[in-house]
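The values are calculated or read from the model by the stated rules, or taken from the named source; none is laboratory data. These figures come from a predicted structure and were not determined experimentally. Because the Cβ atoms are built from the backbone with ideal geometry, glycine has one as well, and the counts that use them run over all protein chains shown.
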Amino acid sequence: MKVTMNNSSIKMLLVLTLLFISQLGIAAKKNLELEALRIEFDNFITEAKYKPYAKAEKNTTKATIEALYNQRGKVKEHAVYMARHTLIKAKMIAESEYLDQQLITEEQTMTALNLEILKTEATVARMEADRAQLQLSLQAEEVERERMEKQRALDLASEIANQAEMTQVELDAANAYGEAQKKVADLAKQEADLAFEEIDSLRRQLETLAARETVDGLVMTLGDFVFDSASANIKQTAVDNFTKVLEFIDGYPNRNIRIEGHTDASGSDSFNLNLSQKRADAVKALLLDYGVEAGRIKAAGMGESLPVADNNSEAGKAKNRRVDIIILNK
């Protein structure tokens with residue numbers, strides 16, 4: 001049987017053939033895009049710095065791509081687009097979590113460095129205190145050496161007294177000179193001993209300071225012994241032994257500090273108020289020198305307005321002459 005085709009049939013066949021080829025090309029393109037998406041996802045999940053992050057998003061992206069691979073028939077262009085959108089979102093979340101972790105690590109490193117700096121400063125302060133104590137010891141040795149020299153002078157005078165040719169006047173003069181020199185040496189030694197005892201007593205008082213709880217916050221009280229008499233000047237020995245106070249403040253780095261100066265009832269109100277303010281300011285300045293943030297500290301002079309003991313006795317007055325360092329609750 002002979003088959004014949006007219007022009008209309010031939011044209012229809014050509015159109016169908018071209019349409020089929022076009023669909024094959026589109027499907028091939030979609031498959032290439034899907035394969036590229038899979039490769040991009042594989043590279044993403046194997047990148048070392050992103051491995052711990054965006055796990056849920058990675059699982060969602062993986063499931064989306066696998067679903068497209070398992071889909072029968074042609075893959076829709078919109079489905080590939082949505083899968084790529086899911087991958088981009090996972091990358092952005094992983095990058096964000098990675099940067100957050102980097103920031104946390106850097107903050108931890110900075111905190112550790114600040115702690116080491118504080119420890120080093122405390123060590124330096126202790127070394128300075130040891131140096132001051134060594135200087136006192138050397139001074140005491142010098143006083144002792146001078147005393148021994150004066151004693152040798154007395155011994156020499158005694159030896160001269162045994163010489164027959166020495167007159168009584170000469171002997172008395174030599175003895176008087178030796179006694180005078182001995183008194184000078186003894187007085188110098190007593191002064192050195194008193195100075196050493198005063199410094200040692202001040203250091204012990206600073207080392208035994210303790211905080212107490214109040215309504216406003218934790219309070220550490222510096223007694224009148226920290227300052228020169230009727231002055232706002234902090235003794236150098238107190239400056240060199242301020243470690244206990246610094247440790248107290250460093251224990252509450254996120255809380256503000258109020259420094260209150262107080263006096264006894266001796267003197268006028270204006271004098272006491274001025275002295276208490278100057279002493280509070282002096283303690284504040286010392287804390288600033290040791291690195292405490294200025295924005296955390298406020299200093300106020302209270303004068304004689306808030307006594308903690310009766311001002312009718314010397315013991316009560318001594319308790320009222322103080323500087324309170326308050327770690328505020330709010």
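Here are the numbers for the structure shown:
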read-out	value
Within segment 207-259, considering residues that are exposed (fewer than 13 other Cβ atoms within 10 Å of the Cβ) and acidic (D, E), the one farthest from V124 (Cα to Cα)	E213
Residue under evaluation A282, criteria (1) surrounded by fewer than 18 Cβ atoms within 10 Å (Cβ to Cβ); (2) closer than 18 Å to D228 by Cα, criterion not met	(1)
Pair list, Cβ under 9 Å, 6 or more apart: segment 74-89 residue among the acidic types (D, E), other residue at pLDDT 80 or above	E77/E33
Only one of T221, T237 that is polar (S, T, N, Q), part of a helix (DSSP H, G or I) and in contact (Cβ under 8 Å) with a residue 60 or more places away in the chain	T237
Selected residue [at pLDDT 65 or above and assigned to a loop (DSSP other than H, G, I, E, B)] from S276, S270, S229	S229
Residue identified as of a type in the set (D, E), in a loop (DSSP other than H, G, I, E, B) and surrounded by 15 or more Cβ atoms within 10 Å (Cβ to Cβ) among D310, D324, D264	D264
Criterion: at pLDDT 90 or above, in the same structural domain as S270 (by TED's automatic domain parsing) and under 32 Å from the mean Cα position of the chain (by Cα) - qualifying residue of D310, D289	D289
Residue that is among the aliphatic types (A, V, I, L, M), over 32 Å from the mean Cα position of the chain (by Cα) and within 18 Å of T221 (Cβ to Cβ), where the choices are A282, A318, A238, A299	A318
Flag if A132 is at pLDDT below 90, outside the structural domain of E293 (by TED's automatic domain parsing), within 18 Å of F242 (Cβ to Cβ) and of a type outside the set (D, E, K, R)	yes
